[in-house]
1. Structure shown: which of A:LYS233/A:LYS374; A:LYS19/B:LYS73; B:LYS63/B:LYS98; A:LYS226/A:LYS286 lie over 22 Å apart, alpha-carbon to alpha-carbon?
2. What translational diffusion coefficient, to the nearest whole µm²/s, does segment A:218-287 have by Stokes-Einstein, given a Kirkwood radius computed over alpha-carbon pairs, a temperature of 25 °C and 0.890 mPa s viscosity?
3. Would you calculate the separation in nanometres between label points at A:ASP128 and A:VAL188, each defined as 7 Å from the Cα along the Cα-to-beta-carbon direction?
4. Is it possible to state the helix-based mean residue ellipticity at 222 nm for chain A, with each DSSP H run of 4+ residues giving -39500 (n - 2.57), the sum divided by total residues, to the nearest 500 deg cm²/dmol? What is it?
5. Compute for chains A and B the buried accessible surface, both sides summed, probe 1.4 Å, and express it in Å² to the nearest 100.
6. Counting heavy atoms of the protein chains only and a 1.4 Å probe, report the per residue accessible area for the protein assembly as shown as a whole number of Å².
7. Using only alpha carbon positions, build the gyration tensor of the protein assembly as shown, then give the equivalent ellipsoid semi-axes as the square roots of 5 times its eigenvalues, largest first, whole angstrom.
8. Considering only protein heavy atoms and a 1.4 Å probe, what is the carbon-and-sulfur percentage of the accessible area of the protein assembly as shown?
Amino acid sequence: MSQVVILGAGMHPWGKWGKSFVEYGVKAAELALKDAGVEWTDIQFVAGGDTMRNGYPGYVAGATFAQALGWTGAQVASCYGACATGAQAIDTARARILAGLCDVALVVGADAAPKGFFKPNAGDRPDDPDWLRFRLLGATNPTYFGLWARRRMELYGATPQDFAAVKVKNARHGLENPNARYRKESSVEEVLASPIVSDPLHLLEICATSDGGAALVLCSEAFARKRATEFIKIAGVSTVTPSYPSSVIEMPNLATDSWAGAALPERSFRDSIAFTAYEQAGVDPKDLDLAEVYDLSTALELDWYENIGLCAQGEAERLIRDGDTAVGGRIPVNASGGLACFGEAVPAQAIAQVCELTWQLRGQAGARQVAGAKLGVTANQGLFGHGSSVVVSR
Amino acid sequence: MSETKTRVPAVPGLFTLEPEVALVGSRCSDCGSYFFPREQVVCRNPRCRSSHLEACELSRAGKLWSFTSSAYKPPPPFVAPEPFEPFALAAVELEREKLVVLGQVVRGVLPEALRVGMPMQLTSEVLEESDSQVLMVWKWAPSGAASIEAKR
Ligand SMILES: [Zn+2]
């Protein structure tokens with residue numbers, strides 16, 4: 001299959017800047033356009049990642065960014081898929097390019113996140129599982145992270161020190177990233193001394209909510225050939241749902257599917273996210289040079305090592321203990337610093353992961369550079385059964 | 001607590017309190033899948049698609065799949081008792097239904113007292129009181145603790 005080229009990448013630094021999400025998106029878009037050497041007026045298609053706000057602009061992000069950049073009559077789409085929002089926007093632009101409907105597209109996601117726990121919109125909505133879990137159980141997102149972490153301790157003997165080691169590694173990576181919000185080393189002792197949020201996870205092990213923006217300029221190979229000699233390509237994108245019956249309790253549900261009436265699928269939901277992208281790209285996880293995964297919690301990063309095929313189930317603790325997933329190790333994970341250093345800016349995050357791989361594969365990642373990186377994968381998962389993964393190759 | 005107030009489920013339809021607390025799900029009579037909350041339109045097993053879904057009460061006992069706590073006050077629409085006290089949450093696997101159900105753990109039982117695999121029992125506690133009603137919610141309790149609760 002013909003591949004789509006990443007011609008430009010741009011980011012607004014993550015943090016709590018007190019600005020509108022539109023400003024973050026426009027800044028990221030301008031940087032991506034400059035990086036691509038493409039004018040805004042050349043863009044034929046704009047895909048925006050939606051933020052979730054009451055009031056319209058967040059829900060119609062594609063046109064909101066297009067208006068801020070100046071109307072050009074470009075085709076437009078707005079995408080929402082919780083944490084997979086950015087990947088859906090990438091997928092939409094990529095599909096249009098592959099279909100020959102356009103040559104060059106801009107993908108933008110940005111958010112100005114509220115402080116504290118994510119929570120449902122106001123109003124009584126007993127038919128909404130997101131409302132129900134808060135109303136009846138006070139089950140925040142970290143509740144689910146805590147359940148998965150405890151389960152890891154029970155099944156695989158993970159220790160609080162293993163989880164804290166993930167934070168220590170990502171904090172060290174983030175020191176070298178000018179777009180990261182937190183640029184400060186953490187020690188295992190500091191992590192374990194921070195207050196428990198959801199047993200066994202501490203405050204320093206759960207990602208913060210942040211503001212931020214990320215953008216990509218994508219184009220066809222024919223368009224890229226006129227402008228560049230070395231291409232960074234999108235080789236696969238998955239934006240998958242789970243397969244029935246999904247047996248792990250996932251946000252925001254009160255219960256799992258039942259496996260009383262149907263056999264469990266060969267691959268769990270989280271396993272299927274990256275493998276769908278690998279199959280599209282025709283690559284094997286053994287060939288990866290690096291990965292960016294969604295470390296909503298430290299413990300969840302260990303789950304991802306197994307879910308994206310870096311090791312067998314139950315072996316993730318060994319990878320973190322041996323330093324395999326640190327920059328300089330066998331398969332660095334979250335060289336960017338991950339969510340531990342960025343925090344969550346939901347519609348931007350999946351795009352930001354691809355920005356990081358783009359810079360890494362071009363050899364532009366500075367002190368956090370993974371030497372000789374040629375093939376990388378991103379993975380994330382969001383509310384309501386959204387999962388996405390992008391395979392990027394040189 | 002006032003004796004004149006009636007005790008009702010905080011959200012109707014999800015569970016009953018009489019004659020004893022039970023989660024109300026549904027069962028597909030064609031493939032045997034269970035659903036909680038209740039599925040009423042069509043079976044979610046993609047290879048079944050039956051519309052023969054019957055309401056049923058789920059098992060009131062199961063094994064602890066995993067557990068955690070909420071050490072910070074959750075935001076609305078949760079109404080936390082003041083002053084806020086950390087509470088535990090449990091995900092419990094039901095053997096007959098082959099599914100995992102989340103719930104708060106009864107007051108006073110924190111993660112230190114829990115272990116994956118231990119038997120758990122469904123019970124109920126007060127979520128909040130309005131002027132005229134006591135709003136109840138289902139809770140999980142270690143099997144021994146539930147029988148103590150029931151005797152109160
Ligand atoms: Zn069925």
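The values are calculated or read from the model by the stated rules, or taken from the named source; none is laboratory data. Everything numeric in this text was worked out from a predicted model, so none of it was measured. Using ideal geometry, Cβ is built from the backbone for each residue, glycine included, and neighbour counts are taken over all protein chains shown. SASA here: full protein model, heavy atoms, side chains in, ligands and nucleic acids out. Shrake-Rupley method; radii C 1.70, N 1.55, O 1.52, S 1.80 Å.
1. In this structure, A:LYS19/B:LYS73; A:LYS226/A:LYS286 exceed 22 Å between Cα atoms.
2. Stokes-Einstein gives a translational diffusion coefficient of 163 µm²/s.
3. Here the modelled spin labels are 4.3 nm apart.
4. That comes out to -11000 deg cm²/dmol.
5. 3700 Å²
6. That works out to 39 Å² for each residue.
7. They are 41, 25, 23 Å, listed largest first.
8. Answer for the protein assembly as shown: carbon and sulfur cover 51 percent of the accessible area.
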